Amino acid sequence: MATANAEAQRRWRQKQKQKRKDSLRTREANGLIHFYEEPFFKAIERDANWSDAEIALDCAGYDAPLFEDDSGPKSASGEIEQGYDDAEEPHFGGACTSLERAEIMVGCFIDAAATLARIINQYKRGEIAQRLKELEALDMSNPEERKQILSDIMTLTRALEELNKKTRWTFDQWRLEIEHTDEV
């Protein structure tokens, strides 16, 4: 019975994780957007921290997005919008302001970074595993060569152990999970 409970908890956590991930690409459902008077695109143009984001994107080889008006998110290819033509729910959850576009961009950047990190991790694991196989197959009869081979094996084994670890980054909260109520 404990195994069934643990499995149910694991499935529930997976569902919650997927819901959070999916919510990163849609607008907030809390209805607080009408409380913000100044459009986000005007606020970001005078925020000195925006240049840090522009520099980071430039270092990654991308142009920073322009916030010239209060338009919502749109995909670069236009295919996301086409996929929602027949759907009941609008693309990006109906997001239509520059603030909602920026919020969805954060979620997309996180998703892209997590996916790229996973691809890099798998690549390094494969390459290291291959080198370990090659090293283990070498002749270790010469004491000097044996010492170097064992040292390399230890280094690569430690690298694999490090690749088994997860890393966490913390961000300022940008999405609100509270619901607006009319109760006083």
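The values are calculated or read from the model by the stated rules, or taken from the named source; none is laboratory data. Here the structure is a predicted model, which means the values were calculated and not measured. Don't worry about glycine lacking a Cβ; one is built from the backbone with ideal geometry, like all the others, and counts go over all protein chains shown. The accessibility values were calculated without ligands, DNA or RNA, using every heavy atom of the protein model including side chains. Shrake-Rupley method; radii C 1.70, N 1.55, O 1.52, S 1.80 Å.
Using 0.36 nm per residue, how much length does the chain from W174 to A48 gain when fully extended, once their Cα-Cα distance is taken away? All intermediate terms of the calculation are to be shown ahead of the outcome.
Numbers: separation 126, 0.36 × 126 = 45.36 nm, distance 1.79 nm.
43.6 nm is the gain from fully extending W174 to A48.
Pick from Q18, Q82, Q173: which is most flexible by mean-square fluctuation in a GNM of the chain where alpha carbon atoms under 10 Å apart are linked?
Q173
Taking a 28 Å limit on the Cα-Cα distance, which of the listed pairs K17/K42; K133/K166; K15/K165 fall beyond it?
K17/K42
Compute the acute angle (0 to 90°) between the alpha-carbon long axis of helix 98-136 and the principal axis of greatest extent of the alpha-carbon atoms of the chain; round to the nearest 10°.
With both axes taken from Cα atoms, the answer is about 10 degrees.
Say we join alpha carbon atoms closer than 10 Å with springs in a Gaussian network model of the chain; which of A159, A102, A114 then has the biggest fluctuation?
Among A159, A102, A114, the largest GNM mean-square fluctuation belongs to A159.
Ordered by residue, what ³J(HN,Hα) values in Hz, to whole numbers, does region 42-56 give under the Karplus form 6.51 cos²θ - 1.76 cosθ + 1.60, where θ = phi - 60° and Gly and Pro are x?
For region 42-56, the Karplus curve yields 6, 5, 5, 5, 10, 7, 5, 6, 4, 5, 5, 5, 4, 5, 4 Hz.
Given the protein chains as shown and a 1.4 Å probe, how many square angstrom of W12 are accessible, to the nearest 10?
140
How much of the accessible area of region 99-156, probe 1.4 Å, is carbon plus sulfur, in whole percent?
Whole-percent figure for carbon plus sulfur exposure: 62.
Between T155 and H34, take the C-beta separation as r, use R0 = 41 Å, and let me know the FRET efficiency to the nearest 0.05.
Details: r = 58 Å, r/R0 = 1.41.
Efficiency, rounded to the nearest 0.05: 0.10.
Using only alpha carbon pairs under 8 Å that are at least six residues apart, calculate the relative contact order of the chain and give it in whole percent.
Averaging sequence separation for qualifying contacts and normalising by length gives 28 percent for the chain.
Between region 119-175 and region 51-118, what's the alpha-carbon centroid distance in Å?
Computed from Cα coordinates, the inter-centre distance equals 35 Å.
Can you give the helix-only mean residue ellipticity at 222 nm for the chain, where every DSSP H stretch with n ≥ 4 adds -39500 (n - 2.57) and the sum goes over all residues, rounded to the nearest 500 deg cm²/dmol?
Only helices count here, giving -19000 deg cm²/dmol.
In region 36-184, with Lys and Arg counted as +1 and Asp and Glu as -1 at Cβ, which of these residues, L138, G72, I178, has the Cα nearest the positive end of the dipole, that is, farthest along it?
L138
Pick from E54, E127, E144: which residue has the top mean-square fluctuation in a GNM of the chain where Cα pairs under 10 Å get a spring?
Among E54, E127, E144, the largest mean-square fluctuation in the Gaussian network model of the chain belongs to E144.
Just subtract the alpha-carbon distance of L132 and I55 from 0.36 nm times their residue separation and send over the number in nm, one decimal.
Taking L132 through I55 to full extension adds about 23.8 nm, to one decimal.
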